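Beneath this line is the structure, given in structure tokens, with notes to follow.
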Amino acid sequence: MESPTARVRVVEGTLDASGLRFAIVVARFNAFITERLLEGAIDTLVRSGARPEDITVVRTPGSFEIPTVVSQVLEVGGFDAVIALGCLVRGDTIHFDLIAGEVTKGIGQLALAFSTPVTFGVLTTDNLEQAIHRAGSKAGNKGAEAALAAIEQARLFRALGALRGDEPAADAPAPTRPRASKRRK
């Protein structure tokens, strides 16, 4: 007897970045860490099939500015996904908690407000050692992980669009002209 799950439609993204356009918004503050996150993200995108000329890096002064810049990037449009990269290291005051909360909330709200995937690669660590471990040392590279999530989400959004009939299938080549982001209502 055939299992009922054998006939269930599964919609998921793939890790093929070919034909996709990406924006990476990266904070300059804590550049020792964020540059490693950026290198991991770009390397992952290129190894997954993205062309370097289809990757745009946008630099912000710090992590607090990431949500406003991501918002502007989404308004400009033309990207299949946006990757947010930054690094916040806890200090002796509540500043860390305030900034970490606002950055996380801001990026999350943008991910819900637009029809373009936004992935979160902002480190929130207790100390510099933890940040180093998450930027390519013992705990992998969180920039690379955010890039993988962006690829998969972009492909998933295309697959869901194909179900609605308004997007090419997930494995179809990207349109020659970048599609603009649409703000959800």
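The values are calculated or read from the model by the stated rules, or taken from the named source; none is laboratory data. A quick note: this is a predicted structure, and the numbers were derived from the prediction, not measured. Ideal geometry is used to build each Cβ from the backbone, glycine not excepted, and the neighbour counts take in all protein chains shown.
What tally of residues in the range 1-33 results from selecting those that are charged (D, E, K, R) and within 13 Å of I55 (Cα to Cα)?
Number of matching residues: 1.
Would you confirm whether any residue within the range 128-140 is in contact (Cβ under 8 Å) with a residue 24 or more places away in the chain, of a type outside the set (D, E, K, R) and within 17 Å of A23 (Cα to Cα)?
no
Looking at the range 131-143, which of the residues that are part of a helix (DSSP H, G or I) and in contact with a strand residue (DSSP E or B) (Cβ under 8 Å, 6 or more places away or on another chain) is farthest from R51 (Cα to Cα)?
Taking the candidates together, the pick is A131.
Can you pull out every residue in the range 27-74 that is part of a strand (DSSP E or B), surrounded by 21 or more Cβ atoms within 10 Å (Cβ to Cβ) and either touching a Cys at 6+ places or on another chain (Cβ under 6 Å) or among the polar types (S, T, N, Q) (or both)?
Result: T60, single match.
If I go through the range 77-121 residue by residue, how many of them are assigned to a helix (DSSP H, G or I) and either farther than 14 Å from F64 by Cα or of a type outside the set (K, R) (or both)?
Qualifying residue count, the range 77-121: 18.
Can you find even one residue in the range 3-11 that is among the small types (G, A, S) and within 19 Å of A135 (Cα to Cα)?
Among the residues of the range 3-11, not one is among the small types (G, A, S) and within 19 Å of A135 (Cα to Cα), which makes the answer no.
Looking only at the range 21-40, count how many residues are in contact (Cβ under 8 Å) with a residue 40 or more places away in the chain and either charged (D, E, K, R) or over 28 Å from L88 (Cβ atoms) (or both).
Qualifying residue count, the range 21-40: 3.
When E2 is evaluated against the numbered criteria (1) over 28 Å from G161 (Cα atoms); (2) surrounded by 13 or more Cβ atoms within 10 Å (Cβ to Cβ), which criterion, by number, is the only one it fails?
(2)
Working only within the range 75-98, note down all residues that are aliphatic (A, V, I, L, M) and crowded, with 19+ Cβ neighbours inside 10 Å.
A81, V82, I83, A84, L85, L88
Starting from the range 41-67, take each residue that is modelled with pLDDT of 95 or more and list its partners that are among the acidic types (D, E) and surrounded by fewer than 18 Cβ atoms within 10 Å (Cβ to Cβ), counting only C-beta distances under 6 angstrom and pairs at least six apart or across chains.
G49/D16
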